[in-house]
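*Asks:* Got a structure here, written out as C-alpha cells. Questions coming.
Read-outs throughout are calculated quantities, based only on the coordinates presented, and are distinct from any laboratory measurement. All figures in this text were calculated on a predicted structure; none of them were measured in a lab. A quick note on method: Cβ atoms are made from the backbone with ideal geometry, for glycine too, and the neighbour counts reach across all protein chains shown.
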Amino acid sequence: MRLERFWLLMAISLSALAPTVLMAEKIVRCGTAKTSLETARAVERRLAFSQLSRPRVDYALQATTVIPIVFHVISSGALVSQGNVADATLASQVSILNSAYRGSGSNARTRFQFVIQQTNRVENSSYYSLSVDSIDEIEMKSSLRVGGAGTLNVYLVGSATAGSQALLGYSTLPWQYESDPDYDGIVVDNGSLPGGDIARYDRGDTLVHEVGHWLGLYHPFDGACSTRNDRVSDTPAMKRAIFGCPAKAPDTCPKARGRDPLRNFMGYEIDRCLTKFSAGQATRMSEVVLEYRGF
C-alpha cells in the first residue's frame, strides 16, 4: 500500500549534511521507504515460517540467478545532456552492478547477476523531473513497467524529489509487490550513473544501493542501536548514517558488538567508499526474494 511507504528521508536535514557531504547538490543519498514496525514484524514472521517449512539452503552454493533489467531512460529531449543516456553508460552501470553482487575480496558473493533485457527510451518532461508518489510517477510506472516480480525496472530521470529534497534514488521493497505490482521498481537520478555529473556520487553505486533494497535489504542504521537493526547479524548496529569516507569506522553503538559497518553498499558514504556486502546480507537477499519475488 502506498501509505506504508513512509517516504521518510532518514531525517537528514540540510544542516546535518557536513560540507563534504553532497555539497551544493543538496541531495539525499536514498529515499527508500522506512518500513513501519508492524510491516517489518509481519515480514520477519513470514520469512521465519517459510524457512522452517523448507530444507535448509546454503545460498552461497546455489547456481547464479540472472535478473533481467529493463531500463526506462526518461529524457526531456534527444541529447545526452537532456537525459538520453548512452547505451555504453548503461552497459557500464550493469558491469558495476555485477562486480558488486558477484563479490571479491572482503565483498561477499551473492547469487545474483544482472543483464539488460530491454532499454525503453521515453521523452517526457513531466516524468523527467519526478516527485515521489506523485501522479506523474504513478502514471509513468503504470504505463511503462515490464514483466513480473523478478524483472527489475529501473527508471532513469533528471531529478527525483520529495518535498524540497532531491534524491539520488529510491526503491520499492519486495513485500510491496503483492499489493502494488505496478509501482515496483527503482528510480535513479541519471547524474549518479558512472561518469555522471553528481561529484563523488558518479560511480554507479546509487543503483547498487537501491538494488539492495529491491532485493530486501535495509540500511544498517535503520534500527539505530537495536540488536535487530537491519535484520542481518554480521552488520554491527550503528546509530546514524556515515557520510564522506572516514579512514576509520566510528563506534556509534559502543554497547553493541563491533564498530559501525563502514564501506557497506547499504550505507550513505560517497561512492568510492562503498565496496562490500556482508555474507549475512547476501543470505538475507536470497531468503527475501525467494519468499516475495519467487526466485
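*Asks:* For Tyr101, state whether it is over 20 Å from Thr64 (Cα atoms) and among the aromatic types (Phe, Trp, Tyr).
*Replies:* no
*Asks:* Let me ask you something else. For Ala78, state whether it is assigned to a helix (DSSP H, G or I) and either in contact (Cβ under 8 Å) with a residue 40 or more places away in the chain or more than 20 Å from Leu152 (Cα to Cα) (or both).
*Replies:* Considered against the rule, which asks whether it is assigned to a helix (DSSP H, G or I) and either in contact (Cβ under 8 Å) with a residue 40 or more places away in the chain or more than 20 Å from Leu152 (Cα to Cα) (or both), Ala78 comes out as no.
*Asks:* Sticking with this one: Checking Phe114 against (1) within 18 Å of the chain's Cα centre (by Cα); (2) surrounded by fewer than 20 Cβ atoms within 10 Å (Cβ to Cβ), which test does it fail?
*Replies:* (2)
*Asks:* Further, regarding this structure: Select from the stretch 81-102 the residues that are in a helix (DSSP H, G or I), buried (at least 19 other Cβ atoms within 10 Å of the Cβ) and among the small types (Gly, Ala, Ser) and list them in ascending order.
*Replies:* Across the stretch 81-102, the qualifying residue is only Ala100.
*Asks:* Shifting gears a bit: Out of Leu130, Leu97, which single residue is farther than 20 Å from Gly77 by Cβ and not hydroxyl-bearing (Ser, Thr, Tyr)?
*Replies:* Leu97
*Asks:* Now for a separate question. Would you list the strands (runs of 3 or more DSSP E) that sit entirely within the stretch 103-163 and hold 1 or more residues that are within 22 Å of Gln281 (Cα to Cα) and touching a strand residue (DSSP E or B) at 6+ places or on another chain (Cβ under 6 Å)?
*Replies:* Per the criteria, 112-123, 152-157.
*Asks:* Still on this structure, I have one more. Hey, Val208 hits all of (1) in contact with a Gly (Cβ under 7 Å, 6 or more places away or on another chain); (2) assigned to a helix (DSSP H, G or I) but one; which does it fall short on?
*Replies:* (1)
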